[in-house]
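The values are calculated or read from the model by the stated rules, or taken from the named source; none is laboratory data. Not measured: the values here are computed from a predicted model. All Cβ positions, glycine included, derive from the backbone under ideal geometry; neighbour counts span all protein chains shown.
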Amino acid sequence: MFPLTFPDIDPIIFSIGPLHVRWYGFMYVLGFTACYILVRKQIREFKYRELADHFENLNVVLILCVILGGRLGYVLFYNSSYYLAHPREIIAIWSGGMSFHGACIALIVGGWIFCRKNNLNFWKSADIYIVTIPIGIGLGRIGNFINGELYGRTTELPWGMIFPLGGDMPRHPSQLYEAFLEGLLLFLLLWSLREKPWQKKPMWPHGSMLALFLIGYGFFRILVEYFREPDPQIGYLFSFVTMGQLLSAIMVGSGLLLWRVRLPVTPPLPGD
């Protein structure tokens with residue numbers, strides 16, 4: 001029956017005294033665990049022994065990059081005026097406010113620095129990790145849905161949903177759109193192509209998976225932003241585009257540039 005009723009899911013799984021274990025945080029744990037397992041699988045699959053020697057340390061660095069980059073990205077991109085006035089709240093991650101674009105920048109920069117210091121091939125390492133990232137994105141969006149946050153714009157479509165914080169009008173469950181496109185679909189695409197750079201094909205050098213991730217995520221995010229309610233403290237930039245679309249367009253452009261830069265100079269031979 002239209003509109004759909006928002007499912008009555010308590011965002012808190014359980015509590016121990018003042019400590020609350022929330023679904024949103026649990027989704028992060030699941031995402032990190034899935035990435036850990038799948039990256040380790042690829043290291044064995046591709047016999048990348050150099051990365052195996054630094055695997056655990058690099059994981060710690062990247063987890064810190066996700067948390068710090070995600071928080072600082074939100075502060076800078078989405079609510080800088082508020083946090084300039086309330087600097088003590090910048091570290092209050094538990095109050096909400098994370099940016100995937102900020103986390104992505106931090107992951108790339110932090111990973112590059114680590115690889116450089118430990119004599120690892122950054123492009124090989126990035127390709128192995130990046131194909132697993134959509135799992136964490138998809139789980140995070142499910143966590144957003146359970147929290148009833150980041151809901152979509154109003155709609156008259158039959159799957160419109162009344163969100164507790166979204167007023168009386170039915171809205172797009174845009175968190176689920178993102179979980180499907182940026183999570184499941186992007187993961188299936190990248191995972192199915194992950195072996196190509198390791199097959200020494202001239203058109204698929206190492207770095208290809210990173211480039212495809214940037215292009216794919218950016219494209220899907222731009223698309224979903226047409227259904228997602230803009231952040232109230234920002235609204236629309238230039239009267240027609242959201243901050244998420246602007247940052248995602250930069251991602252797409254960066255992915256296309258990376259793909260072009262990583263292409264081999266020598267054209268492939270017949271039969272390659």
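Do you know which residues across the stretch 107-119 are of a type outside the set (Val, Ile, Thr) and either part of a helix (DSSP H, G or I) or crowded, with 20+ Cβ neighbours inside 10 Å (or both)?
LEU107, GLY110, GLY111, TRP112, PHE114, CYS115, ARG116, LYS117, listed by residue number.
What are the residues in the stretch 36-82 that are of a type in the set (Val, Ile, Thr) and touching a residue at least 12 places away in the same chain (Cβ under 8 Å), if any?
Across the stretch 36-82, the qualifying residues are VAL39, ILE43, VAL61, ILE63, VAL66, ILE67, VAL75.
Output the qualifying pairs, or none if there are none: Cβ atoms under 6 angstrom, residues six or more apart or on different chains, first residue in the stretch 238-263 and in contact (Cβ under 8 Å) with a residue 12 or more places away in the chain and closer than 29 Å to PRO205 by Cα, second residue of a type outside the set (A, V, I, L, M, F, W, C) and surrounded by 20 or more Cβ atoms within 10 Å (Cβ to Cβ).
If the second residue must be of a type outside the set (A, V, I, L, M, F, W, C) and surrounded by 20 or more Cβ atoms within 10 Å (Cβ to Cβ), the pairs left are GLN245/GLU225; LEU247/HIS101; SER248/GLY218; SER248/ARG221; MET251/GLY218; VAL252/GLY218; ARG262/GLY207.
Can you find even one residue in the stretch 197-204 that is without any contact (Cβ under 8 Å) to a residue 12 or more places away in the chain, within 26 Å of TRP123 (Cβ to Cβ), of a type outside the set (Lys, Arg) and not in a loop (DSSP other than H, G, I, E, B)?
yes
Determine which member of the set PRO134, PRO197, PRO164, PRO205 is modelled with pLDDT under 95 and buried (at least 21 other Cβ atoms within 10 Å of the Cβ).
Step by step, each of PRO134, PRO197, PRO164, PRO205 is checked, and only PRO197 is modelled with pLDDT under 95 and buried (at least 21 other Cβ atoms within 10 Å of the Cβ).
If you check TRP112 against the conditions, is it over 25 Å from PRO3 (Cα atoms), of a type outside the set (S, T, N, Q) and touching a helix residue (DSSP H, G or I) at 6+ places or on another chain (Cβ under 6 Å)?
Values: over 25 Å from PRO3 (Cα atoms): yes; of a type outside the set (S, T, N, Q): yes; touching a helix residue (DSSP H, G or I) at 6+ places or on another chain (Cβ under 6 Å): yes.
So TRP112 passes the test.
What single numbered condition from (1) over 11 Å from the mean Cα position of the chain (by Cα); (2) modelled with pLDDT of 95 or more; (3) not polar (S, T, N, Q) fails to hold for ILE105?
For ILE105, the failing item is (1).
Does the stretch 4-50 hold any residues that are outside any helix (DSSP H, G or I), surrounded by 14 or more Cβ atoms within 10 Å (Cβ to Cβ) and among the hydroxyl-bearing types (Ser, Thr, Tyr), and which are they?
Correct list: TYR48 only.
Are there any pairs with C-beta distances below 6 angstrom linking a residue in the stretch 172-190 that is touching a residue at least 12 places away in the same chain (Cβ under 8 Å) and closer than 19 Å to LEU4 by Cα to a residue that is part of a helix (DSSP H, G or I) and of a type in the set (Lys, Arg), with the two at least 6 apart or on different chains, and if so which?
GLN175/ARG141; GLU178/ARG141; ALA179/ARG141
Checking the condition in a helix (DSSP H, G or I), of a type outside the set (Ser, Thr, Tyr) and surrounded by fewer than 18 Cβ atoms within 10 Å (Cβ to Cβ), which residue from LEU212, LEU184, LEU176 passes?
Residue meeting the stated conditions: LEU184.
For THR154, all conditions in the list (1) under 24 Å from LEU190 (Cα atoms); (2) surrounded by fewer than 20 Cβ atoms within 10 Å (Cβ to Cβ); (3) at pLDDT 95 or above hold save one; what is the number of the exception?
(1)
Please go through (1) at positive phi; (2) touching a Gly at 6+ places or on another chain (Cβ under 6 Å) for GLY97 and return the number of the only condition it doesn't satisfy.
The failed condition is (2).
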